[in-house]
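All remarks here apply to the structure that follows.
The values are calculated or read from the model by the stated rules, or taken from the named source; none is laboratory data. On a predicted model such as this, the values are computed, not experimentally measured, just so you know. Here the Cβ positions follow ideal geometry from the backbone for every residue, glycine too, while neighbour counts run over all protein chains shown. Note: accessible area is taken over every heavy atom of the protein model, side chains too, but ligands, DNA and RNA are not part of it. Shrake-Rupley method; radii C 1.70, N 1.55, O 1.52, S 1.80 Å.
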Amino acid sequence: MAEYFPDELTLAPFLNALDVGVIIIDQTGTMVWANDKLYQLTDLTPAQLVGLKTKEMAKLPAIQASVNPQWVKDSFWEAARESGYIADSTQPRYGYAQMENGVQLLSAEHYIRNEAEGLRYIVLTVQASTDLLTAREKIGELEQRTALYQEQLSALHTRVLGQDIVYQSESLSRVFERALRLARLEGNIFLTGETGVGKSLLAQYIHTMSARSSGPFIHVNCASLPASLIEAELFGYAEGAFTGAKRKGRRGVIEMGQDGTVFLDEIGDMPVEMQAKLLTVLEDKEIRRLGAEQTVKIDVRFLAATNRQPETLLQELTLRNDLYYRLAMNRIDLPPLREHPEDIPALIGATLAEFNEKHTTALTLHPELIEHVQALPFPGNIRELKNVVWQIASESGQTTGKITLQMLPPELMPTIHNSRAIPSQTALPPRVVETGTEEAQHWQTFCEEHQGDVYAMADALGVHRTTVIRKLKKYGLPYARKPRVQRASPKTVAPS
């Protein structure tokens with residue numbers, strides 16, 4: 001008959017390599033061997049344990065409390081006769097012990113039998129409850145991170161890799177080409193642009209196209225963080241750091257971005273004193289939780305953004321020079337929507353597709369209505385455009401077909417009618433003949449008369465400025481995009 005338990009000396013190196021304590025007890029209830037981890041957990045020696053009966057082990061001074069009914073018996077045969085549990089059970093039974101050194105031990109009994117004699121050995125695996133709690137916390141963090149990844153992947157499927165990145169203009173093509181090039185390199189990036197131009201989406205795009213795409217993307221809106229809690233939110237805190245803190249402490253959002261990207265949106269709204277601490281993190285690549293003594297090494301790429309000109313923030317001393325230059329290793333400026341209105345029809349189509357999918361409708365906008373929408377100034381940029389299109393679709397009362405100008409609800413009529421629709425035909429300056437060289441000369445004269453002011457030329461022709469820009473580019477004529485000071489903007493719908 002094959003032996004169920006070989007010589008313990010044969011298995012000793014393997015059992016000593018385990019990170020759990022192991023006790024081997026024979027059928028007389030005597031401890032015959034334990035591994036090194038068990039002695040570490042209990043602060044006991046082989047001389048104090050080997051050879052003891054289980055009921056003697058349970059009464060050791062080092063063991064303050066024990067919950068394991070079988071241990072008080074002289075032998076497991078006796079326990080088996082009285083309870084029948086050991087003889088019949090095929091599942092491990094769990095016990096608990098409180099050691100004098102403060103360690104709480106959780107044990108599991110595993111039974112080794114043979115057909116002739118029945119129970120032959122009991123093997124106890126012992127683990128500190130703190131190890132289990134730490135493992136449980138680690139599992140919780142992994143589950144949280146997995147959920148975060150799944151949420152990000154879902155968002156990236158529809159955003160970065162799908163419908164939301166919509167552009168046809170040369171200006172945005174250059175922006176995303178440069179963003180892709182910088183994404184593949186290491187280094188912090190500073191994004192600028194007005195509210196609603198898509199800085200958050202561009203930040204997600206950079207993260208997704210970078211070598212850190214498998215790590216987390218943490219979006220921090222600095223403007224929304226309360227001044228009293230911003231340090232704890234960014235850097236985390238240790239146990240007992242302040243009243244109301246979690247017992248185990250908490251990681252900050254920067255530490256949560258380990259091996260990934262942290263996007264600091266509206267960085268100009270961060271208190272200046274906190275910017276100094278953030279600068280230290282960027283320079284030392286380590287973070288210290290609030291109330292902690294030790295630091296934690298971090299490997300994070302920082303993206304930052306503001307809807308104001310950084311030069312203005314620096315002059316107003318609301319953004320530290322040293323922090324700006326640390327974050328702006330590379331800078332990407334996103335143009336406002338009014339500088340690339342040729343993207344508006346495609347953005348309208350993408351917004352309507354989203355609306356139709358969500359509401360099971362099949363709506364489109366009439367070309368005449370698109371022209372009027374395209375001519376709106378949109379100070380709220382893409383966010384405002386989507387809001388206007390959503391309003392038009394919601395208020396139309398239609399489920400299929402084209403929405404015309406006449407179908408607009410009264411509250412939207414003034415907004416649309418105040419816009420100057422872009423004619424479908426390309427307009428030319430007065431007295432221009434459609435022949436190549438002569439047309440170019442007329443455009444050059446016309447441009448000089450208005451000192452290259454695109455807005456002035458567009459007003460004189462009654463067309464949208466993109467039509468003028470297209471012609472000026474065709475003939476290589478210089479022009480200025482700056483609007484005249486006295487130019488008034490029509491009233492628009494407030495951004496969402």
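So if R0 is 30 Å, what FRET efficiency would Ser228 and Trp390 give, r being the distance between their Cβ atoms, rounded to the nearest 0.05?
After rounding to 0.05, the efficiency reads 0.25.
How long is the gain from Glu316 to Thr361 if the chain were fully straight, where each residue apart is worth 0.36 nm and the alpha carbon distance is subtracted?
Between Glu316 and Thr361, full extension yields an extra 11.3 nm.
Working note: Karplus 6.51/-1.76/1.60 with θ = phi - 60° gives the stretch 275-286 the couplings 5, 5, 5, 5, 4, 4, 5, 5, 7, 8, 6, 8 Hz, where Gly and Pro are set to x. Distances between placed amide hydrogens fall under 5 Å for Leu290 paired with Gly236, Tyr237, Ala238, all partners being 5 or more residues away or on another chain.
Surface analysis of the stretch 193-321 yields an accessible area of 45 Å² per residue, using protein heavy atoms and a 1.4 Å probe. Between Lys474 and Gln40, the simple spin-label model (points 7 angstrom out along Cα→Cβ) gives 8.0 nm. Positive end of the charge dipole of the stretch 326-383 (Lys, Arg +1 and Asp, Glu -1 on Cβ, about the Cα centre): tell me which of Ile332, Phe378, Ala353 has its Cα farthest that way. The residue sitting most towards the positive pole is Ile332.
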